[in-house]
1. Each residue of region 213-225 in order: what ³J(HN,Hα) in whole Hz does its phi give by Karplus 6.51 cos²θ - 1.76 cosθ + 1.60, θ = phi - 60°, with x for Gly and Pro?
2. How far apart, in nm, are the 7 Å Cα→Cβ label points at Q161 and E308?
3. Largest first, how would M189, M109 line up by accessible area (1.4 Å probe)?
4. Give the calculated FRET efficiency between N317 and T106 to the nearest 0.05, with a Förster radius of 51 Å applied to their Cβ-Cβ distance.
5. Using modelled amide H (1.01 Å from N, peptide plane; none on Pro or chain starts), what sits under 5 Å from the amide H of K278, excluding residues fewer than 5 places away?
6. Enumerate the calculated ³J(HN,Hα) couplings along region 306-317 in order (Karplus 6.51 cos²θ - 1.76 cosθ + 1.60, θ = phi - 60°), each rounded to whole Hz, writing x wherever the residue is Gly or Pro.
7. Grab the beta carbon distance between K300 and I96, set R0 = 41 Å, and tell me the FRET efficiency rounded to 0.05.
8. Calculate the spin-label point distance for S63 paired with R84, positioning each point 7 Å from the Cα along the beta-carbon direction, and give it in nanometres.
Amino acid sequence: MSRRRSRAPIEIFGFSFLDVICCGFGAILLLLVISRTGGAPEEPTETAGAVRELKQAYFALNSERDTKLQQQEALAKALDASVRQVTEKQAELTAIQRSTDTARDTLSMLNTASDKIAAARMTLDTRLKRISPTTREEVGGIPVDSDYVIFVIDTSGSMQQIWSRVRAEVASILNIHPKVKGIQVMNDMGQYMFAERGKRWLPDGEASRRMIQSQLGSWSPYSNSSPVEGLRRAINDFYDPSRTISIYVLGDEFSGPYTEPVLESIRRINSKDAKGGKKVRIHGIGFRTIDGPTVRNFAKLMRQVALENEGTFLAIN
């Protein structure tokens, strides 16, 4: 007996149906994706604002950085220029200092040469006056061209030891002034030999000359061995632009430590007159009483005083 073959049951949701369903769903997703890619994606408003602020801050920082770099470059250039100026100024200062040193050396040489020329000129003038037939007499080269004569004499103890020699020199100077209009005698402190006459001139004549020699015999007032006070008194009391005056300073020592302050004081006392010359002519007669620095200082001082005041200095042993 034949058997009937049984059929398998039919499945409604087989694999083919599932494939169709999956493909349709995938198509829908694809359409969604395509529709979404057609336009720019939207960004949230807050995020976009933050991005803009960051961009602005970034640009501001870049701009500030550029400004700072420019300022730094300008400062560097200014610093370089300042360094160059300082270097140039230092070079100029060095050059000026060298020029100053050179000028100082040159001035010193010129002063030395000027002193030598002045001494040579004085010696030449003295020699010319000696050989000139119209020249008046001189005292060992001292020109005798004044109408008034003042003696400023150191009356210290060392000078008193050679006082007879001092009196002889005073007489010699008066003898080669055969005729003057006035005579005056004071010590180096400015004390008058004839105090009763004060600031008046002694009239020249034999009687006045004998009286001077007689008074010198016992005259010994205090002295500080410096001619400044006597020169000041002589010039202040007797200077007259209408008179030609010669002052003879007789001494042996200068007790001061420095000669330059004395010279400066005498420069102020015996300044130039209206004609450009010195108010009075100052001569120096130096006596060598001892061997020591004070004697050399007196010679040095009076040699310069005579040089600056149109006079002559003579050293007597």
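The values are calculated or read from the model by the stated rules, or taken from the named source; none is laboratory data. As the structure is a prediction and not an experimental result, all values here were calculated from the model. Quick reminder, even Gly has a Cβ in these numbers, built from the backbone with ideal geometry, and neighbours come from all protein chains shown. Accessible surface areas use protein heavy atoms only, side chains included; no ligands, DNA or RNA. Shrake-Rupley method; radii C 1.70, N 1.55, O 1.52, S 1.80 Å.
1. Residue by residue, region 213-225 yields 5, 5, 5, 4, x, 10, 9, 8, x, 5, 9, 9, 6 Hz.
2. Going from the Q161 label point to the E308 one covers 3.0 nm.
3. Values: M189 65, M109 135 Å².
From most accessible down to least: M109, M189.
4. Details: r = 39 Å, r/R0 = 0.76.
Here the calculated transfer efficiency is 0.85.
5. Amide H neighbours of K278, under 5 Å, 5+ apart: D273.
6. Residue by residue, region 306-317 yields 5, 4, 7, 10, 6, x, 9, 10, 10, 9, 10, 6 Hz.
7. On the way: r = 35 Å, r/R0 = 0.85.
According to the calculation, E is roughly 0.70.
8. The modelled label-to-label distance comes out at 3.4 nm.
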